Amino acid sequence: MAMIQFLVNQIIGLYILVIFVSIILSWLVSFNVVNRHNQFVDAVGRTCQALTEPLLQPIRSMLPAMGGIDLSPVFLIIGLQAVQIGLNRYVFFPAMNAGY
């Protein structure tokens, strides 16, 4: 059970890291620090977008329009942290204390 807990926590942490990379890359592209015509930058951007958009799109549809500010990654990170805490507290720790 400890191995499953470790894997789930690491996957959630890695997904949060991908969200941060996506946010920072979008800022760097919008401020012309990096160029989307670079193959590496484009590959990283498309990968991050493909990984994060399925969870960010429903959040964006629920949030009101706030101009150019996108707060959906913040809500997604808060939600992922809540899921992680809930799994640890109510699934993994009781199962490990019961001896599974």
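Couple of notes before you dig in:
- For the pair segment 67-100 / segment 25-65, the C-alpha centres are spaced 23 Å from each other.
- Solvent-accessible area of the chain (1.4 angstrom probe, protein heavy atoms only): carbon and sulfur portion equals 70 percent.
- Equivalent ellipsoid of the chain: semi-axes from √(5λ) of the C-alpha gyration tensor, largest first, are 33, 17, 9 Å.
- Label-zone membership for segment 1-40, site Arg46, 7 angstrom Cα→C-beta point, backbone N under 11 Å: 39-40
- Solvent exposure of segment 1-80 amounts to 70 Å² per residue of accessible area, where only protein heavy atoms count and the probe is 1.4 Å.
- Extension reserve of the Glu53-Trp27 stretch, reckoned as 0.36 nm per residue once the Cα distance is removed: 7.7 nm
- Hydrodynamic radius (Kirkwood) for segment 20-59, which is based on Cα pairs only, to one decimal in Å: 10.4
- Across segment 19-34, computed HN-Hα scalar couplings (Karplus, 6.51 cos²θ - 1.76 cosθ + 1.60, θ = phi - 60°) run 4, 5, 4, 4, 5, 5, 5, 5, 5, 5, 6, 5, 9, 6, 7, 10 Hz from first to last residue, x flagging Gly and Pro.
- Helix 39-62 vs. the chain, principal-axis angle (Cα, 0 to 90°, nearest 10): 70
- For the chain, calculated [θ]222 nm from helices alone, where every DSSP H run of n ≥ 4 adds -39500 (n - 2.57): -25000 deg cm²/dmol
- The 3J(HN,Hα) values that the Karplus relation (6.51, -1.76, 1.60; θ = phi - 60°) gives for segment 69-83 are, in residue order, 9, 10, 9, 4, x, 5, 5, 5, 5, 4, x, 5, 5, 5, 5 Hz. Gly and Pro appear as x.
The values are calculated or read from the model by the stated rules, or taken from the named source; none is laboratory data. Given the structure is predicted, the values throughout are model-derived calculations rather than measurements. Cβ: placed from backbone, ideal geometry, glycine included. Neighbour counts: every protein chain shown. SASA here: full protein model, heavy atoms, side chains in, ligands and nucleic acids out. Shrake-Rupley method; radii C 1.70, N 1.55, O 1.52, S 1.80 Å.
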